[in-house]
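Structure first, commentary second.
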Amino acid sequence: MRNKIFLIESNAISYCPVCGEPLVYRDSCERGMLLEGQERRIYLIRRLKCCKCRKLHRELPDFLAPFKQYAVEIISGVLDGIVTSEDEDSVEYPCEKTMFRWHHWLVINQLRINGYLKSIGYRLLGFSEELLNSGMSLLAELRGSTPEWLEIILRFIYNSGGFLVSA
């Protein structure tokens with residue numbers, strides 16, 4: 001039985017995170033995502049190409065995390081301690097080993113995330129230079145202020161050409 005494919009449509013002009021030039025549509029590809037209850041959805045996402053630097057980019061919606069098969073909402077729930085292996089509701093969620101890897105992934109990327117957030121805040125949002133030198137954790141501030149913290153972080157980092165180290 002073939003899964004239903006959900007089309008992700010976008011009319012937004014996307015810019016290359018490497019060189020800043022506009023991207024042009026090249027083709028589309030399928031991307032799978034696991035949801036609650038081990039439901040698997042297939043999304044058709046656009047692949048865009050930069051005419052200047054020739055790099056190929058996938059246009060991911062906020063609910064998909066780069067290099068992760070679970071929905072961002074599930075990943076952030078695990079990282080925030082809302083979803084644990086002890087929860088009876090979590091029986092159909094990721095295994096303990098996967099949850100551990102996500103926690104490890106966040107720990108090894110904390111400095112990188114804070115650096116990206118400070119840099120983006122300074123370069124694009126006009127934050128003061130004091131922010132760059134402060135010991136303030138923008139990651140901690142963001143995590144404490146909104147449940148969509150992971151979506152925001154991933155959007156800022158990947159759309160500005162950054163990347164996170166995989167665990």
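Pick out, from the range 9-83, the strands (runs of 3 or more DSSP E) lying fully within it that include 2 or more residues that are open to solvent by less than 60 Å² (accessible area, probe 1.4 Å) and either touching a residue at least 60 places away in the same chain (Cβ under 8 Å) or among the hydrophobic types (A, V, I, L, M, F, W, C) (or both). Before the answer, list the steps.
Numbers: elements: 23-34, 40-50, 56-58.
By residue number, 23-34, 40-50.
Quick one: in the range 130-151, which of the residues that are open to solvent by 40 Å² or more (accessible area, probe 1.4 Å), of a type outside the set (S, T, N, Q) and in a helix (DSSP H, G or I) is farthest from TYR116 (Cα to Cα)?
Taking the candidates together, the pick is GLY144.
Among the residues of the range 120-139, write down those that are of a type in the set (Gly, Ala, Ser) and either within 21 Å of ASP62 (Cβ to Cβ) or in contact with a strand residue (DSSP E or B) (Cβ under 8 Å, 6 or more places away or on another chain) (or both).
Taking the range 120-139 first, the residues of a type in the set (Gly, Ala, Ser) are 121, 126, 128, 134-135, 137.
The one that is of a type in the set (Gly, Ala, Ser) and either within 21 Å of ASP62 (Cβ to Cβ) or in contact with a strand residue (DSSP E or B) (Cβ under 8 Å, 6 or more places away or on another chain) (or both): GLY121.
Filter the range 152-165 down to the residues that are assigned to a helix (DSSP H, G or I) and aliphatic (A, V, I, L, M), then identify the one that is farthest from GLY81 (Cα to Cα).
In this case the residue turns out to be ILE157.
Given the structure, is ASN159 open to solvent by 90 Å² or more (accessible area, probe 1.4 Å), over 16 Å from ILE75 (Cα atoms) and touching a residue at least 40 places away in the same chain (Cβ under 8 Å)?
yes
Could you figure out which of (1) modelled with pLDDT under 95; (2) under 28 Å from LEU131 (Cα atoms) isn't true of ARG58?
The number of the failed condition is (2).
Could you list, ordered by first residue, the pairs with Cβ atoms under 6 Å in which the first is in the range 118-130 and within 16 Å of PRO17 (Cα to Cα) and the second is modelled with pLDDT of 85 or more and surrounded by fewer than 11 Cβ atoms within 10 Å (Cβ to Cβ), at least 6 apart or interchain?
Between residues of the range 118-130 that are within 16 Å of PRO17 (Cα to Cα) and residues that are modelled with pLDDT of 85 or more and surrounded by fewer than 11 Cβ atoms within 10 Å (Cβ to Cβ), there is no close pair.
The values are calculated or read from the model by the stated rules, or taken from the named source; none is laboratory data. Because the structure is predicted, anything quoted here is derived from the model rather than measured. Cβ sites come from the backbone with ideal geometry, for glycine too, and all protein chains shown count toward neighbours. Quick note on the areas: whole protein, heavy atoms, side chains included, nothing else; ligands and nucleic acids left out. Shrake-Rupley method; radii C 1.70, N 1.55, O 1.52, S 1.80 Å.
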